[in-house]
Amino acid sequence: MSSPTFIDTHCHFDFPPFSGAEAASLALAEQAGIRQIIVPAVTADRFARIVQLAQNYPPIFAALGLHPLYIAQHQEADLAVLDSHLQQRDSKLVAVGEIGLDLYMDTPMFERQQWLLTEQLRLAKQYTLPVILHSRRSHDQLAAMLRKAQLPATGVVHGFAGSLSQAEAFVRLGYAIGVGGTITYERAQKTRRVMAELPLTSLLLETDAPDMPLQGYQGQPNRPERAIEVFRVLCELRSESPEQIAKALYDNTQRVFGPQPLIN
């Protein structure tokens, strides 16, 4: 297969080491075949910057949302800011995210997390946008909330590290599963098995850069060009050809986040 096109569906490109070095970082990504990057927000004060990045750089697309790890600092007024951005619907805004649930935190404020997620799912439904979902130790609770929300555009559960049955529950609801650097670690047998056994039509490629470093890069910021290494490991784990896998990952991304905003 000549020059497959990949999309990093989850990269926090508004953080260092990318901020201030955007052009060079995008050039490295393109050399590796990563042609597009979706940048999810974590707090409302980053919304405008991410939208501006998407406007300034053709490969970048924006997602706006309030991340559960920052639950202590989110204010009710932030939802109005999110609503305003979604209403304006910049042509390169492709999702509501990063949103979700997290029970791994010391003080999760879980009821407030659930309230905030419910409000953001409501906005995603109102504006018919897919969602980029964070979930740690909360897969069952998240699946229940998604089942209730019945979003028309569904989305992706990113950085998935749960069981096969939990992944299949999300897939049955119409959600894709994000494949990231966790599978590059041989000790991550459960996650590697999940990514090997799920339907290929349910998988998306991601890095979560600068977080979630790959095997061999511990202690270094993760980067979007390393999505190609995640892809290579995925090819080792699955029975389909690299050509089939590359095409499916791209087509799946277009289906979840496109079709019109992402460039063919």
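Where does each of T191, T9, T207, T118 land when they are ranked from fewest to most other beta-carbon atoms within 10 angstrom? Could the numbers behind the result be given before it?
Working: T191 22, T9 33, T207 30, T118 12.
Listed from fewest to most nearby Cβ atoms, that is T118, T191, T207, T9.
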Expected sort for E225, E243 with the fewest Cβ neighbours (10 Å cutoff) up front is E243, E225
Taking only C-alpha positions in the stretch 25-86, Rg and Dmax in angstrom work out to 13.5, 42
Mean 1/r over distinct Cα pairs of the chain, inverted to a Kirkwood Rh in Å, yields 18.2
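Throughout, read-outs are computed from the coordinates displayed, never taken from laboratory work. These figures come from a predicted structure and were not determined experimentally. As a convention, Cβ positions derive from the backbone with ideal geometry for all residues, glycine included, and neighbour counts pool all protein chains shown.
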